[in-house]
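All remarks here apply to the structure that follows.
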Amino acid sequence: MSDTVIQVALIGNPNTGKTSLFNHLTGLNQKVGNYPGITVDKKTGTCKLSKTQKATILDLPGTYSLNASSADEKIAIDVLNDPNNENYPDVAVVVTDVEQLKRNLLIFTQVKDLHIPTILVINMADRMKPKGITIDIPQLEADLNTKIVVISSKLQTGISDVKEAILAYKSISTEVCIPAERFKQNTIKNPELLTSLTAAELKKVQHHETVIRYQFINNSLKNSYKIDKEKASDLQTKLDRIFTHKIFGYLIFGLLLLLIFQVIFEWSSVPMEFIDETFGALADWTKATLPAGMFTDLLAEGIIAGLGGIVIFIPQIAFLFLFIAILEESGYMSRVVFLMDKIMRRFGMSGKSVVPLISGAACAIPAIMATRNIESWKERLITILVTPFITCSARLPVYAILIALVIPSERVFWIFNWQGLTLMGLYVIGFAIALLSAYILHKTLKIESKSYFVVEMPKYKVPLFKNVALTVIEKTKTFVFEAGKIILAISIILWVLASVGVNDAFTNADKIVTTSIEENGFNEIQEVSLQNKMIRFEESLKEEASKSNKTLTAQDVNTAIAEKMPEFRQAVIEDEIAALKLENSALGTIGKAIEPAIKPLGYDWKIGIALVSSFAAREVFIGTLATIYSVGSEGDDEEGNTIIAKMQSEVHANSGKKVFTFASGISLLLFYAFAMQCMSTLAIVKRETNGWKWPMIQLIGMTIIAYVAGLIAFQFLK
Amino acid sequence: MLTIANLQKGEKAKILDFPIDTIPLKLIEMGCLPGNEVTLVQTTLFNGPLFLTINGSNIAVRKDTAAQIFIEKL
């Protein structure tokens, strides 16, 4: 009985089910942080061992050894080698896969040689019978001089035995496996060698050490580990014959991707609509319930709208990460890495770049974090730099609204229509520019970095629900918190900028507009706007009548419109006031200041404002346009004030020509496809590349490409 | 001398030797050591990586790495 917490470190090779065991031990009581100064996830959790005893479990990164050849391994060494380290364990748990026991024991011998009580967990016990494996546990415990627990994380057996073994850690021997004299030199015993030797010398020492450790392991297993080779099933080999086939392998991967994206769009449309309506209703309710004023406006138009803009992406992002997690858990993703390596290498990347590039279709932030397992710095850097070109969820609403505006919805061929084809084209163009820039970077970047590629192909297995679910939650959380805080902050800043005036025209907007209309009547554009309101009202009347099976005479319609006329006129005036206010707000001033620069691309100052705010995060484009077109015009009529309708009727102030034409629409689409408009991504790139140099290069380069593409498109199409 | 890159799909061999300096340590840790058995399971288009079974583990390595590991066919 003790009230101190036992510190446990979980160690093991990748693909041994170490994370499954961690999830079983800690459940939802886990958190992911960062080790100070480096970008390696630090996963910790708490576990109740008995009624009175708790343990803190540290899930060290999955590594093959403690040889310090990667950041992950260095972390493990720092923790295990230094009794003063805050994470130094009372007991280590090394997780191994029963089918790979020999290889998995390498790291076990290294940990045990540090005089830490080390429990050996042999996982995947359910595979022993089908594979014809038998282990003489007491014999092996004697040979390795430690406590062994056999578990199956799939069937959840043996988990309580692990807890008991941890509780009794004090009875475990701390004798080393291999006496230090057997090594000429030993980096485990003498970690200072890691820095004092040259790379070549160090490798020799570690090679020698590995050979001796394998001799010890072979001797230990000789008497206790038996495998009946005839029983080894060949389902795995058969699967690999199909999935890694020279032609079918690629075909299957392509079809799988297509299917995944199809399903994501289908599944996420319902929850997204629901979220959209809920936040809309919430904003309306806030405005209706709270007393009118600055604070209510900020809450409804700034904060609630900003939060809605984050939450709406969760379905798409969660679904994509669900599929990626399933592909990774099942072991299939490693085969994709194998298949794609040669192709990706032509573009200066690695087969391992495929996962970040696919994840980029959800959100670049977790995607860039997923580049950490690419060994070569050059390949990793290129992957980081080009991932934001991949069409992420945040671009989709921008695309959707622009496509609806400028692309006709006619059908071509049988099942395609122009709008769908345009969207697909934008995906293709994003991917193409990613590859093209990767190729250019590959040819121009002069970075010497050893490019090696050693990937374990784990066994295929049915993914564990718990592992998949926790991964999805973890990645989605990354998006919500990393991107969310910036998007929310920007939404509030935007609202403030739009509500602060810079001159008299802002403060006296009411008077100016009312006087001008009293004197001159409505101008042409205002008349059109009034007409539109009448037409829309008439349509809604007719719709209502047909719903309730009433007949509607022309007389009825005219009377109704005449009744509503003063309301319509007032609405037009209010819109005019709102527009004048916005034009003279701080935000309007910024938009006007950059108008000369974006005029050649076909944009006016209002789009300019949206572009500026998009540099914080793309999806803010819609929110900004909503703000620009609806700030002040409260009491929306049902459908008349949707953004698309507003944008459609938007004209250039001086010429009266439409703002959103085919040319300016395509120009904007291309601009959004290529521009680096996501502050959250820049922040992550800064963290992952350790400085501002690369995110700045990325920002400037992508903006130039976007500007040029937009310019060419507009000038050719107008 | 033969290397892993000379193997045909499905062929087995025994690892003899390799230059310590250029072979990734990770491969050594995974059991790529003289005396161990290696099988070439699968190849890819355009001389891409090779899918090997070494010491019971499935490992993919690039062809240039495989071409440095000397073997004796079994």
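Quick notes on this structure:
- Inter-chain Cβ neighbour average for residues A:204-213, partner chain, 10 Å: 3
- Beyond 18 Å, the tail of the calculated P(r) for the range A:507-582 holds 49 percent of the Cα pairs.
- Two-site FRET efficiency, A:SER409 against A:PHE522, from Cβ-Cβ distance with R₀ of 22 Å, rounded to 0.05: 0.10
- The range A:367-435: chymotrypsin sites (Phe, Trp or Tyr not before Pro) falling in loop per DSSP and having at most 10 other Cβ within 10 Å: A:PHE413, A:TRP414
- All Cα-Cα separations within chain A were binned at 10 Å from zero, giving a P(r) of 2, 12, 20, 21, 16, 12, 9, 5, 2, 1, 0, each value a whole percent of the pairs.
- Spin-label zone in the range A:6-27 - amide nitrogen under 19 Å from a point set 7 Å from the Cα of A:THR52 along the C-beta vector: A:6-7
- Length-normalised contact order of chain B in % [C-alpha pairs under 8 Å, at least 6 apart]: 45 percent
- On Cα atoms only, tilt of A:101-112 relative to the major axis of chain A in degrees: 80 degrees
- FRET efficiency for the B:LEU2 to A:LEU258 pair, using the beta carbon distance and R₀ = 41 Å, is estimated at 0.45.
- Across chain A, the mean sequence separation of Cα contacts (distance under 8 Å, 6 or more residues apart), normalised by length, yields a relative contact order of 10 percent.
- Gap separating the Cα centres of the range A:142-157 and the range A:39-106, nearest whole Å: 16 Å
- Distant alpha-carbon pairs in the range B:4-73 (separation over 16 angstrom), percent: 37 percent
- Model label sites at A:ALA292 and A:ASN223, defined 7 Å from Cα along the beta-carbon direction, differ in position by 9.0 nm.
- About its Cα centre, the dipole of the protein assembly as shown is roughly 3440 debye, where the only charges are +1 on Lys and Arg Cβ and -1 on Asp and Glu Cβ.
- Cross-link pairs A:LYS163/A:LYS461; A:LYS226/B:LYS26; A:LYS475/A:LYS686; A:LYS43/A:LYS129; A:LYS342/B:LYS63 - those with Cα-Cα distance over 21 Å: A:LYS163/A:LYS461; A:LYS226/B:LYS26; A:LYS43/A:LYS129
- Across the range A:6-232, the mean sequence separation of Cα contacts (distance under 8 Å, 6 or more residues apart), normalised by length, yields a relative contact order of 21 percent.
- Long-range amide H partners of A:ILE133 with built H, under 5 Å: A:ASP228
- Calculated P(r) tail over 17 Å for the range A:323-429, as whole % of Cα pairs: 60 percent
- With Cα atoms, 0 to 90° folded angle of helix A:332-346 axis to chain A main axis: 70 degrees
- Backbone N within the range A:90-123 under 11 Å of label point (7 Å from A:ASP161 Cα along the Cβ vector): A:121-123
- Folded to 0 to 90 degrees: helix A:679-689 orientation relative to chain A principal axis, Cα: 20 degrees
- Within the shell defined by Cβ-Cβ distances under 10 Å, the residues around A:ALA55 carry a net charge of +2, with Lys and Arg each +1 and Asp and Glu each -1.
- CD proxy at 222 nm, helix term only [per DSSP H run n ≥ 4: -39500 (n - 2.57); per residue of chain B; nearest 500]: -2000 deg cm²/dmol
- Working note: Karplus 6.51/-1.76/1.60 with θ = phi - 60° gives the range A:167-176 the couplings 4, 9, 4, 5, 8, 8, 5, 10, 5, 6 Hz, where Gly and Pro are set to x.
- Summing charges over neighbours of A:VAL32, with a neighbour being any other residue whose Cβ is under 14 Å away from its Cβ, gives +2 when K and R count +1 and D and E count -1.
- Charge tally around A:ASN145: other residues with Cβ under 14 Å, Lys/Arg +1 each, Asp/Glu -1 each, net -2.
- Over the range A:299-347, the Kirkwood radius and the radius of gyration, each from Cα atoms, give a ratio Rg/Rh of 1.32.
- Quarter of Cα convex hull surface for the range A:228-337, i.e. mean projection, nm²: 10.5 nm²
- For the range A:375-389, Karplus couplings with θ = phi - 60° (6.51, -1.76, 1.60), whole Hz, Gly/Pro x: 5, 7, 5, 5, 5, 5, 4, 4, 4, 4, 5, 9, 4, x, 6
- Peptide B:41-47, shielding by other chains (average Cβ, 10 Å cutoff): 6
- Annotation: for a label point projected 7 angstrom from Cα along Cα→Cβ of A:VAL708, residues of the range A:433-470 with backbone N closer than 14 Å are A:433-434, A:436-438, A:440-441.
- Taken one residue at a time, the phi angles of the range A:249-263 give Karplus couplings (6.51, -1.76, 1.60, θ = phi - 60°) of x, 5, 4, 4, 4, x, 5, 4, 4, 4, 4, 4, 5, 4, 5 Hz. Gly and Pro are set to x.
- Counting 0.36 nm for each residue step from A:LEU282 to A:PHE416 and taking away their Cα separation leaves a gain of 44.6 nm.
- The alpha-carbon positions of the range A:6-232 define a convex hull whose volume is 127 Å³ per residue.
- A straight chain from A:ALA168 to A:ALA200 at 0.36 nm per residue would run longer than the Cα-Cα distance by 7.3 nm.
- Counting Cβ atoms of other protein chains within 10 Å of each Cβ in B:60-72 and taking the mean gives 3.
- Debye intensity ratio in log₁₀ form over the Cα atoms of the range A:344-500, taken at each q of 0.10 Å⁻¹: -0.53
- Helix-only CD estimate at 222 nm, as mean residue ellipticity for chain A, using -39500 (n - 2.57) per DSSP H run (n ≥ 4): -19000 deg cm²/dmol
- The alpha-carbon of A:LYS564 sits under 16 angstrom from the alpha-carbons of these aspartates and glutamates, leaving out residues fewer than 8 places away in its chain: A:GLU527, A:GLU538, A:GLU539, A:ASP556, A:GLU574, A:ASP636, A:ASP637, A:GLU638.
- Among A:280-292, B:44-56, the order from most to least packed when residues are scored by Cβ within 10 Å on average: B:44-56, A:280-292
Throughout, read-outs are computed from the coordinates displayed, never taken from laboratory work. Quantities reported herein were computed from a predicted structural model and do not represent experimental measurements. Backbone-built Cβ (ideal geometry, glycine too); neighbour counts: all protein chains shown.
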